[in-house]
Amino acid sequence: MSKWFMRSKGLYVAMALLAGSAAVQADYAPFQGYVEMPQTLSPMIMGNLASENLRLINEQNARGGGKATTAAAAKGVTIAPGSASTTTPRVLAARYPTTQRAQIEQAFSESLRSYRQIEAKFGIPSNDVAGAVAAFLAGSYMAYRDVDFPDRNFSTLVAQMRNVLASNPAFQRASAAEKREVYEQMAIIGTFMAVTREALKRQPPNATVAQNFRESARANLEQFLKTDASRVTINEQGLVIR
């Protein structure tokens with residue numbers, strides 16, 4: 001999976017190493033926004049939607065749900081409405097210091113564009129929230145575990161998340177705007193986490209930046225899955241809670 005996220009690594013490296021700049025406040029961590037994600041992401045993602053995820057994932061795993069799509073998936077119930085423009089990169093970048101927001105907003109915009117290539121590569125329908133959620137989980141898992149993610153596991157994860165979302169009452173009740181917000185935020189963060197990990201492998205940061213990044217990945221998983229990240233495994237079966 002790491003090969004998908006190879007664009008504009010220079011920009012991501014620069015962002016990851018901002019903590020070493022004299023212009024950055026001493027108490028600022030470049031991934032602080034992710035650690036404080038409940039203040040940044042849609043309340044629906046961290047609230048109603050997340051509260052059902054763990055139960056539904058366990059139910060899907062018990063039925064082998066990571067290996068097949070449901071009939072509901074064919075009806076497009078996990079598709080968010082398209083949009084000609086977006087403010088999501090700006091919203092996510094607002095958590096960062098003013099002097100860095102433009103650069104970070106650019107990186108988030110690039111992440112969303114890069115995610116479109118993932119959709120095309122894996123034959124995921126455009127604007128499918130299931131694919132974006134799978135990218136969010138895979139990117140966060142890669143960053144937290146510091147592991148690569150085989151292509152063969154991603155399609156299974158997408159199918160599993162499609163089943164979960166199709167069964168999640170909070171997602172089905174969500175408005176078109178809310179579904180679009182989930183799609184864009186998940187796609188941006190998942191892609192960003194994967195790209196940044198790849199960049200940091202090539203140009204290792206100081207220990208503080210590396211720890212902040214891993215902590216943000218852990219927080220991503222725990223806030224969305226409502227369980228300890230150490231229990232999370234993603235393999236050929238999909239996402240499994242040990």
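The values are calculated or read from the model by the stated rules, or taken from the named source; none is laboratory data. Owing to the predicted nature of the structure, the values given are computational and were not obtained by experimental measurement. Cβ: placed from backbone, ideal geometry, glycine included. Neighbour counts: every protein chain shown. The accessibility values were calculated without ligands, DNA or RNA, using every heavy atom of the protein model including side chains. Shrake-Rupley method; radii C 1.70, N 1.55, O 1.52, S 1.80 Å.
For this structure, a couple of remarks:
- Annotation: peptides 164-175, 187-198, 81-92, 105-116, ranked by per-residue average of other Cβ atoms within 10 Å with the highest first, follow the order 187-198, 105-116, 164-175, 81-92.
- Accessible surface comparison of TYR183, TYR141, probe 1.4 Å, protein chains only, largest first: the order is TYR141, TYR183.
- Across segment 174-182, computed HN-Hα scalar couplings (Karplus, 6.51 cos²θ - 1.76 cosθ + 1.60, θ = phi - 60°) run 5, 6, 4, 5, 5, 5, 5, 5, 4 Hz from first to last residue, x flagging Gly and Pro.
- Global geometry of segment 68-199, whether rounded, prolate or oblate, following the gyration tensor of its Cα atoms and the 1.5 cut on a/c: oblate
- Length-normalised contact order of segment 134-211 in % [C-alpha pairs under 8 Å, at least 6 apart]: 51
- 3J(HN,Hα) couplings calculated from phi for segment 129-143 with the Karplus curve 6.51 cos²θ - 1.76 cosθ + 1.60 (θ = phi - 60°) are, in sequence order, 4, 4, x, 5, 5, 4, 5, 4, 5, 5, x, 5, 5, 4, 5 Hz; Gly and Pro show x.
- For ILE79, the residues 5 or more places off, or on other chains, whose built amide H falls under 5 Å of its own are VAL129.
- For segment 117-177, the Kirkwood hydrodynamic radius comes to 12.4 Å, computed from all pairs of different C-alpha atoms.
- A simple rule links phi to the HN-Hα coupling: the Karplus curve 6.51 cos²θ - 1.76 cosθ + 1.60 with θ = phi - 60°, which for segment 188-197 gives 5, 5, x, 5, 4, 4, 5, 5, 5, 4 Hz, with x for Gly and Pro.
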